[in-house]
Amino acid sequence: MQTYLEQLDSRCARLGVDLRDICRAEGIAATTLARWRKGQAHPRQETAEALFARLDKMAAPPATDMQEAI
(Lines give C-alpha, C1' and ligand atoms only; values in the text may rest on other atoms or scores of the structure.)
Protein backbone atom coordinates (compact mmCIF):
# COMPACT_ATOMS: atom_id res chain seq x y z
CA MET A 1 0.00 0.00 0.00
CA GLN A 2 1.34 3.41 -0.94
CA THR A 3 1.78 6.19 1.58
CA TYR A 4 -0.06 9.49 1.14
CA LEU A 5 3.16 11.05 -0.08
CA GLU A 6 3.69 8.32 -2.70
CA GLN A 7 0.10 8.72 -3.88
CA LEU A 8 0.47 12.50 -4.08
CA ASP A 9 3.73 12.20 -5.99
CA SER A 10 2.12 9.76 -8.46
CA ARG A 11 -0.88 12.01 -9.05
CA CYS A 12 1.35 15.06 -9.51
CA ALA A 13 3.49 13.16 -12.03
CA ARG A 14 0.38 12.17 -14.02
CA LEU A 15 -0.83 15.77 -14.06
CA GLY A 16 2.61 17.24 -14.73
CA VAL A 17 2.57 19.47 -11.67
CA ASP A 18 5.03 19.95 -8.84
CA LEU A 19 3.92 18.90 -5.38
CA ARG A 20 5.80 21.91 -3.97
CA ASP A 21 3.40 24.21 -5.84
CA ILE A 22 0.35 22.31 -4.57
CA CYS A 23 1.65 22.44 -1.01
CA ARG A 24 2.39 26.15 -1.31
CA ALA A 25 -1.15 26.79 -2.56
CA GLU A 26 -2.51 24.93 0.48
CA GLY A 27 -0.29 26.86 2.89
CA ILE A 28 2.06 23.96 3.61
CA ALA A 29 5.65 25.07 4.18
CA ALA A 30 8.46 23.78 2.00
CA THR A 31 10.18 22.56 5.17
CA THR A 32 7.15 20.41 5.98
CA LEU A 33 7.29 18.78 2.55
CA ALA A 34 11.03 18.24 3.03
CA ARG A 35 10.38 16.48 6.38
CA TRP A 36 7.79 14.25 4.68
CA ARG A 37 10.31 13.34 1.98
CA LYS A 38 13.00 12.53 4.58
CA GLY A 39 10.55 10.35 6.53
CA GLN A 40 10.82 12.62 9.58
CA ALA A 41 7.09 13.30 9.46
CA HIS A 42 4.04 12.18 7.52
CA PRO A 43 1.09 14.16 6.19
CA ARG A 44 -2.03 13.91 8.31
CA GLN A 45 -5.12 12.48 6.66
CA GLU A 46 -6.82 15.90 6.57
CA THR A 47 -3.78 17.46 4.94
CA ALA A 48 -3.51 14.72 2.33
CA GLU A 49 -7.24 15.04 1.56
CA ALA A 50 -6.86 18.79 1.02
CA LEU A 51 -3.94 18.21 -1.34
CA PHE A 52 -5.84 15.52 -3.27
CA ALA A 53 -8.85 17.85 -3.54
CA ARG A 54 -6.69 20.59 -5.03
CA LEU A 55 -5.20 18.11 -7.50
CA ASP A 56 -8.71 16.93 -8.45
CA LYS A 57 -9.69 20.53 -9.21
CA MET A 58 -6.63 20.88 -11.42
CA ALA A 59 -7.47 17.65 -13.27
CA ALA A 60 -11.09 18.63 -13.93
CA PRO A 61 -11.82 20.01 -17.38
CA PRO A 62 -12.35 23.77 -17.36
CA ALA A 63 -15.92 24.96 -17.21
CA THR A 64 -17.22 26.55 -20.38
CA ASP A 65 -19.48 29.53 -20.67
CA MET A 66 -22.74 28.46 -22.28
CA GLN A 67 -23.06 31.88 -23.95
CA GLU A 68 -19.86 31.24 -25.90
CA ALA A 69 -21.28 27.97 -27.23
CA ILE A 70 -24.41 29.64 -28.61
Practice item. Identify which of the listed values of log10 I(q)/I(0) by the Debye sum over Cα atoms at q = 0.11, 0.20, 0.22, 0.29 Å⁻¹ was calculated from the structure shown: (i) -0.20, -0.71, -0.87, -1.55; (ii) -0.39, -0.88, -0.95, -1.26; (iii) -0.32, -0.80, -0.94, -1.50. Key: (iii)
Check your understanding: Residue-wise, which Karplus ³J(HN,Hα) couplings in Hz belong to region 29-40, taking 6.51 cos²θ - 1.76 cosθ + 1.60, θ = phi - 60°, and x for glycine or proline?
Key -> 5, 4, 5, 5, 4, 4, 5, 4, 5, 7, x, 7
Review point. Rounded to the nearest 500 deg cm²/dmol, what is the calculated helix-only ellipticity per residue at 222 nm for the chain, with -39500 (n - 2.57) per DSSP H run of length n ≥ 4?
Key: -19500 deg cm²/dmol
Practice item. For the chain, give the percent of accessible area contributed by carbon and sulfur heavy atoms, probe 1.4 Å, rounded to a whole number. Key: 52
Exercise for review: State in Å² the accessible area per residue of the chain; use a 1.4 Å probe, count heavy atoms of protein chains only, and round to the nearest integer.
Suggested key: 75
Exercise for review: Would you mind classifying region 1-41 by shape? Square roots of the alpha carbon gyration tensor eigenvalues, ordered a ≥ b ≥ c; an a/c under 1.5 is rounded, otherwise it is prolate if a/b is larger than b/c and oblate if not.
Suggested key: oblate
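The values are calculated or read from the model by the stated rules, or taken from the named source; none is laboratory data. A quick note: this is a predicted structure, and the numbers were derived from the prediction, not measured. Just so you know, the surface numbers come from the protein's heavy atoms only, side chains and all, with ligands and any DNA or RNA stripped out. Shrake-Rupley method; radii C 1.70, N 1.55, O 1.52, S 1.80 Å.
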